[in-house]
Structures are given as C-alpha cells and as structure tokens.
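Here is the structure we will look at.
Just so it is clear, none of the values below were taken in a lab; they were calculated from the coordinates. Only a predicted model underlies this, so the values are computations on that prediction, with no experimental measurement involved. Positions of Cβ are generated from backbone atoms using ideal geometry, with glycine treated the same way; all protein chains shown enter the neighbour counts.
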Amino acid sequence: MDQQSPFSHLFNTNYAAASNEDISVIQDLLSAPLEKLESLNSEIIRLENALSGLKAERDHLQSYVDQHRNLLSPFRRLPPEIISEIFIRCLPEDSRPTHSLSETPLLLGTICRNWREVALSTPYLWSCINVVLPTSGSMHLLCASIDRRRDGVEAWLSRAGELPLSFSIHADSQLSFRQIPSSSSQDMDERKAAFSEHTQELIGCFTRRIARWQKVILQVSPFCMQIFEASMLASAGSDWSFDEHHCLEGFSIHSIRRIPGQPVMRALPKFLAAPSLRQVAMTNVPFNLQELALMTPNLLLLNLRRGHSSRSPSPQDVFSLLSRFRNLRECSTAICFTSQATSFDSLETLCLPSLQSMSLIIIMDSAAVDVDTFFRQLSLPSLHSLTIKVFTRGAMEHAPFVDLLASSGSHIRELHLSLELPVEGLLECLAHLPLLVKLSVHNGKLHGDPGASFVRRLTPCTQQPEPLCPNLQQLSLSGIDVKDEELLKLAHSRRRSSFEVSQLEFFHVTHLGYQELIDLERRMEELREMGMKIEIKHVYQGIRPIFDADVF
C-alpha cells in the first residue's frame, strides 16, 4: 500500500488508460487496496454502532443523574415566599410589564408548573401593566383584537388581588379613521362607534378598579381620551372623586396630537384634587390654571407643557403656582414673557429648597424683555439639573439666568441649553459651573471664531491647564460650525489628558458645515477604541469642496 504507483506521474491529468496491458496492470494494483478499504469501512460501521450504543447508555445515565440531582436542588427547597420575592425582583425597573410571553411576569409561567403556580399567586407581579391598544386593520379584526386584549387585561388585573394598580395606556386612533375614497361619512361614523364601544369595554377593566389606582399614564389621541373619560363616568358615576382613601400618587396625560377646539378633560379637576397626589404631568393637553390650585401642596413633580387654552403661563402665574409647592423636586413648564411691563416688586423671593431638576421653555416676544429679574428672585439651593429653551425674536445679548447659575452653580451637574446666545454669554454661564458633568448646547451663534473660541475654552492644553468644566463627562453640541480638527483636539485632550480633568465619555456633535477631514471616521474610531462614545455628524455630507479662495 505504501509502494509508489507506476502511474503516479499521471495523477491529476487527463490521461485515460487505453491499452489492455495498462488496464490489466491498474486492476491488479487496485485489488489489495479495495479489500483493505472494504475492511476499514466495516470496522468503522462496527465502531460507530458501538459508539452510538455507548452514547445512548450515557444519555440514559445522565438523565437518571440529572433527575435525582434536581430533587436535591436548593432552589426547590426554597419556600414559595422567597421564590415570589425573587420573581418580583425580575420585573423591569424602567418600564411597565407588557402582555408578552417573552417578558416578566408571563415568562415566569412558561418554565414549569411550580413556577407558574407561584407567579400566579404573587399579586405584586400583576399590579402593574402597560397596554397598547390596536388601532389599525379591518374593523372586524380590530374589534376582535381589542376584545382579546380586554380578556387578557381582565385576567391580569384580577391576579393583583386588592393591591394598588399602576398602568399606562397608549392609544392612537388616527390610523383607524383615515378617510378613504370608498368610505362615506356614515361608514366612518360606524367605524368610530364600533371602535369606541369595544375600547370602552377594555378601558372598563381599569375604571372599575378606580379606587385602587396608584400611578396612571395616558398617551392617547383626543378621541381615545374621550373614550377613557366616558368609561370612567360609566363605571364610577359623575359624582365620584378621589378622597383620602384613594392611593393615587401619579397622574400623567399626554395627547398624541392636538386638534382645534380640543375641550378640557372634564375629569381633570378630580385627578388634580386627589389628596395623595405627588406627581403630575400634562403635555399637549388643554388645562386651566385655576385647576392647578386644587393640587396638594405636597406635590413632588410637576410637568406642564403646552396645551393651555390661551397661552403659556406668565411669570406671575408661575411664581404664584410654584409658591404653593415648596417640596417640589422636579419642575418643567413654559413661561411667556411679553414686552408689557412686568413687575416682580410685589413678589417675594421664591425659595424651593428641595428642587433638584428644572426645565423651562421661555417664550419672549422681544429679546429686550426683562427676564433677569425673574431668575434673580428664584432661590434653588439643591438644583443639580437645569434645562433652558428660549424662543424669541432677535438675538439675546446675555444669559438672563446667569445670576441663578452664580447662586446655584456649586450644585449643578447637568445643563441643557437651546438658545441664540453670544459666545461670551455662554462662557460666562459655564464659568459658574465647576462641577458640571453633563452639558448640551444648541446655539446657532457658535460659528467660525466664536465657535472655535468656545471649543478651545473647554480644551485642556499646556497654555490652558485649567479649562472650563473640568469634571465634564458628557458633551453634546448642535447647530455649530467649528472645524473638525478643533473638535478632535477637544475629544483627545479630554479622553487621555495629563491635566486634572475628568475623562470625556460621550461626545456628540451635529455640525452645520461640510466634513473637512478625509480620515475623520478613522480618527473617531481610535477614540471609540479608547472607550469614548463619539459621533460628529455633518448637515452637508461629504468632503467640503475646494474653491479658489481656499487654495489662495
């Protein structure tokens, strides 16, 4: 078998044995190898059969061992109360559970019968839910889908026993009622009536348990908001109210879209008057300022955005409102400043000692409006996050809130600005924030030299060993036009600097100009390999074209 074949020089060629002598020699050469090959194949089959038998015996023994080891499992010896507590810790922390078999708590019931029994008998697992109402498809299929969702929600909530309930509902009916050429007004009314009837039955699963509501979040269209309110009135009656026996702590309502003449929710005052209420958020929905006076002084979170029946609250309205809630920790609202004389002389300094986060939308009909006085009369000793967004005609010459930063800057860790402000005013703000960790700026005035000046003041170097905001870890810039090289210098110096500054972890820039560096992506990738999340996006994609002015 090991001897050299006399035909080896013809292997891998197109030679074909033609003479009888060659054919006879080749057949003689193959006689012994064929016998050996047949013997080897037989031995392999025998060994494979033996191996298959051994594997089957191994698997049987392994199953025997595993089954007995399972009987010794420490988890099986845990009392149901401990297993129940473990299941509770599996609930998502940043969202409400959904009706999905791939998520807790339904996922727990798919493992084994014992787990299912424990999960079903743990009320806390079923005291919170997020429901998304189906809104598209043929009306027959749509109503059938809503009914299935209703049955699932009813079974879910029934397992919660008598525990307080927290839920969120997302419903946008826009897709269901778009006018199509073949549908008449009568068809559309029939579709709305059918959708309303079935949806009201689903929402009835919650409204029948209104006495146990703890935290409620509604993200709905105006039409679905009317259905929700109708279901409440049908279940609780028109004279119901939240009293000291109710546990409503949080109420958030967001209208997915606004419609002209959208009415104020009739049940809104009842929610706002709940004695145990601590968190209120209303965005894009109409409300009356007088109704806000119904809220308990112990409010901790207040978020009011748009939707006021006439305009955003005035500075006096905001002062009057916030003065009621001295325990606030988070506040977000819009304020309308007009060119009419605005006097704060009659108002005392407003001190909110517990306020940690404030977000303000400032609407000014002129850049000359006095906004400084408003901020001077705010005392926020615990403020650590400030968001300011300004809408005005013309450019602002300075930051009206700089005095607030000067008084609270030693505590502020986050600053988010969206406004047209000269670079000098922006740098003045940052000079008061030595402990700033997160900064985002949208400023259309950071172009050319002003933009470069701003970036350089944040860049540690030999000539500037103590830059502004030495503790900065997250930086987001948009609306700017600064050379890519300047931005990369900032990123590199903040990521691997020998100076006394914190490492920049996140750097995101939306650039109004053209990309200037061919190797920009490669250089950003180097920073990503160092651990920085960096992205420099250009509004005008591609390399900036070279003109004669650039050459000479």
Between Glu486 and His411, 0.36 nm times their residue separation minus their Cα-Cα distance comes to what?
24.0 nm
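Calculate the dipole size of the chain relative to its Cα centre from +1 charges on Lys and Arg beta carbons and -1 charges on Asp and Glu beta carbons; express the result in debye to the nearest 20.
Numbers: 52 positive and 63 negative charges, 376 e Å.
Computed about the Cα centre, the dipole is about 1800 debye.
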Among Thr392, Phe319, Ser440, the residue whose Cα sits farthest towards the positive end of the charge dipole of the chain (+1 at Cβ of Lys and Arg, -1 at Cβ of Asp and Glu, taken about the Cα centre) is Phe319
Listed residues Leu163, Gly109, Leu78: farthest to the positive end of the dipole of the chain (Cβ charges):
Leu163
When only Cα pairs under 8 Å and 6 or more residues apart are kept, what is the percent relative contact order across region 97-166?
34 percent
Kirkwood Rh and Cα Rg combined as Rg/Rh, region 437-552
0.96
For log10 I(q)/I(0) by the Debye sum over Cα atoms at q = 0.06 Å⁻¹, calculated from these coordinates, the label among [x] -0.53; [y] -0.39; [z] -0.31
[x]
Positive-end residue, the chain charge dipole about Cα centroid, Cβ charges, pick of Leu277, Ile146, His99:
Leu277
Could you check the simple spin-label distance between Arg523 and Val132, using points 7 Å along Cα→Cβ, in nm with one decimal?
4.2 nm
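Suppose we look only past 14 Å in the calculated P(r) of region 192-235. What percent of the Cα-Cα pairs does that tail hold?
Details: 434 of 946 pairs.
Above the 14 Å cut-off, region 192-235 has 46 percent of its Cα pairs.
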Restricting to aspartates and glutamates and to Cα separations under 15 Å from Lys483, and discarding same-chain partners fewer than 8 apart, the set is Asp449, Glu516, Asp519, Glu521, Glu535, Asp550
Residue ranges of DSSP H helices in the chain that stretch 18 Å or more (Cα, own long axis) and have mean Kyte-Doolittle hydropathy of at least 1.0 are 222-236
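Quote the relative contact order of the chain in percent (integer), defining contacts as alpha-carbon pairs under 8 Å separated by 6+ residues.
Working: 903 pairs, mean separation 29.3, N = 552.
Contact order relative to length: 5 percent.
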By the scheme Lys and Arg +1, Asp and Glu -1, what is the net charge of all other residues having a beta-carbon under 14 Å from that of Gln67?
0
Return the whole-Å distance between the Cα centroid of region 374-426 and the Cα centroid of region 7-65.
84 Å
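Given Cβ point charges of +1 (Lys, Arg) and -1 (Asp, Glu) and nothing else, what value in debye, to the nearest 20, does the dipole of region 437-552 about its Cα centre take? Write out the running numbers ahead of the final one.
Numbers: 15 positive and 17 negative charges, 80 e Å.
It comes to approximately 380 debye.
Roughly speaking, what is the stretch gain from His140 to Arg257, that is 0.36 nm per residue apart minus the C-alpha to C-alpha distance, in nm to one decimal? Please list the in-between numbers first.
Details: separation 117, 0.36 × 117 = 42.12 nm, distance 2.59 nm.
That pair, His140 and Arg257, stretches by 39.5 nm at full extension.
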Report, in listed order, any pair from Lys438/Lys537; Lys215/Lys533; Lys192/Lys215 with a Cα-Cα distance greater than 26 Å.
Lys215/Lys533; Lys192/Lys215
Gained length - Glu466 relative to Glu35, 0.36 nm times residue gap less alpha-carbon distance
146.5 nm
